[in-house]
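Remarks on the structure that follows.
The values are calculated or read from the model by the stated rules, or taken from the named source; none is laboratory data. These figures come from a predicted structure and were not determined experimentally. FYI the Cβ positions are ideal-geometry reconstructions off the backbone, even for glycines, and counts take in every protein chain you see.
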Amino acid sequence: MIVLKNLNRDVEFEFEDKLCQIVNMKKSIIAAVIAISFLASLIYMTKSSKLPQSIGLVMQSKNIYGFKIQDQLDRPEFLIINFWASWCPPCIQEIPSLLKFVQKNSQYKVVAISQDDGLAEIKSMIKTFPDLKEINFEIVFDETRSLSREFKVEKLPETFIYEYKTQKIMQISGSIDWLSVESKNQIDSFFNN
């Protein structure tokens, strides 16, 4: 019996070692994918050729409560237009840092344009982010996808930052950490040149 217990322990330890190796390998792969995704997002921060008329369409659209965006937002220095969906993990992943970014930087306002299939999905997602009610963060349901077509959105999340003074538009494809030094430097550099 004692020999079997020792044998079982050896097998258990060997199994645990293999399991730890697999878990560590999965963590490394996930970290690499996140890093590559973040770097790819930064690479796609480019000047967009989208016209200010597209911004006007956003401001004329209605939020999920039926109010025109232009009536809900004071004209900010910068308008962040974020295309997202509740079923998109990178979209949901970036919301907390976007919320904190806007809370820290009052010159930015957000219009989040949902690509969901229904209002119920959007309202369910909103419940998970109670901070949305405390800041100027307007949510539009792009039911007909007219806004996503206007902006030529190809993937989610897709973000456009519009500066009213210069009428420059910066396009960000993919999810970013809005609070990272790299993201702040990219945004500052784009609008200061």
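Table for the structure above
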read-out: Cβ-Cβ under 7 Å pairs, at least 6 apart or on other chains, segment 73-85 side part of a loop (DSSP other than H, G, I, E, B), far side among the aromatic types (F, W, Y); value: R75/Y164; P76/Y108; E77/Y164
read-out: Only one of K100, K155 that is under 20 Å from D177 (Cα atoms), among the charged types (D, E, K, R), out of contact with any His (no Cβ under 7 Å at 6 or more places or on another chain) and not in a helix (DSSP H, G or I); value: K155
read-out: Residue list for segment 162-188, restricted to those being of a type in the set (V, I, T), assigned to a strand (DSSP E or B) and within 13 Å of the chain's Cα centre (by Cα); value: I172
read-out: So I135, is it over 12 Å from F83 (Cβ atoms), in the same structural domain as F67 (by TED's automatic domain parsing) and touching a helix residue (DSSP H, G or I) at 6+ places or on another chain (Cβ under 9 Å); value: yes
read-out: From the options D177, D188, D116, residue that is touching a strand residue (DSSP E or B) at 6+ places or on another chain (Cβ under 8 Å) and either farther than 19 Å from I55 by Cβ or not assigned by TED's automatic domain parsing to the domain that holds I55 (or both); value: D116
read-out: Any hit, segment 139-152, residues being part of a helix (DSSP H, G or I), assigned by TED's automatic domain parsing to the domain that holds E94 and hydroxyl-bearing (S, T, Y); value: yes
read-out: Meets criteria (loosely packed, with under 15 Cβ neighbours inside 10 Å, out of contact with any Lys or Arg (no Cβ under 8 Å at 6 or more places or on another chain) and in contact (Cβ under 8 Å) with a residue 40 or more places away in the chain) for E154; value: no
